[in-house]
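The values are calculated or read from the model by the stated rules, or taken from the named source; none is laboratory data. The shown structure was predicted, so the numbers you read here are calculated from the model rather than taken from an experiment. Methodologically, a virtual Cβ is constructed for each residue, glycine included, from the backbone with ideal geometry; neighbour enumeration extends over all protein chains shown.
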Amino acid sequence: MDLIFDLLSNRRRRYVLYCLFERADGVAAVDELVDAVVRLETEAGDVDREFDEHRKTVRTELRHSHLPKLADTSLLEHDRRSDTVRYWNQPSLEEWLEHAKHKEL
């Protein structure tokens with residue numbers, strides 16, 4: 001439980017997981033994840049800077065912080081050569097993820 005709540009404690013990680021969970025195959029390009037995070041943050045009113053700068057910041061954080069942290073838990077694989085991410089179903093996480101999405105979005 002501690003790991004699940006730690007992973008879900010960060011908004012950008014939640015947004016990545018929401019996006020991957022919605023896909024039938026659990027696969028997305030990093031750029032698709034960046035776009036999804038930027039879109040969700042924009043809808044939530046959490047953006048206070050220029051779009052390109054915001055997108056670059058999100059991409060950097062995902063590649064260097066959030067995706068590696070999720071990959072370390074074996075929730076996903078990040079193939080750096082193809083720049084794609086594959087989510088591996090985790091029922092215990094998904095229960096809390098669905099609840100968080102329902103409350104947040």
Give me the pairs, please: first residue somewhere in the range 20-41 and free of Cβ contacts under 8 Å to residues at least 24 places away in the same chain, second residue anywhere and crowded, with 19+ Cβ neighbours inside 10 Å, beta-carbon distance under 7 Å, and either six or more positions apart or on two chains.
Ala36/Tyr15; Ala36/Cys19; Val38/Val58
Could you figure out which of (1) surrounded by fewer than 11 Cβ atoms within 10 Å (Cβ to Cβ); (2) at pLDDT 95 or above isn't true of Ser92?
(2)
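Every residue, every condition in (1) crowded, with 17+ Cβ neighbours inside 10 Å; (2) over 15 Å from Asp83 (Cβ atoms), yes or no:
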{"position": "Asp25", "(1), (2)": "no, yes"}
{"position": "Ala28", "(1), (2)": "yes, no"}
{"position": "Asp31", "(1), (2)": "no, no"}
{"position": "Leu40", "(1), (2)": "yes, yes"}
{"position": "Phe51", "(1), (2)": "no, yes"}
{"position": "Thr57", "(1), (2)": "no, yes"}
{"position": "Thr60", "(1), (2)": "no, no"}
{"position": "Ser65", "(1), (2)": "no, yes"}
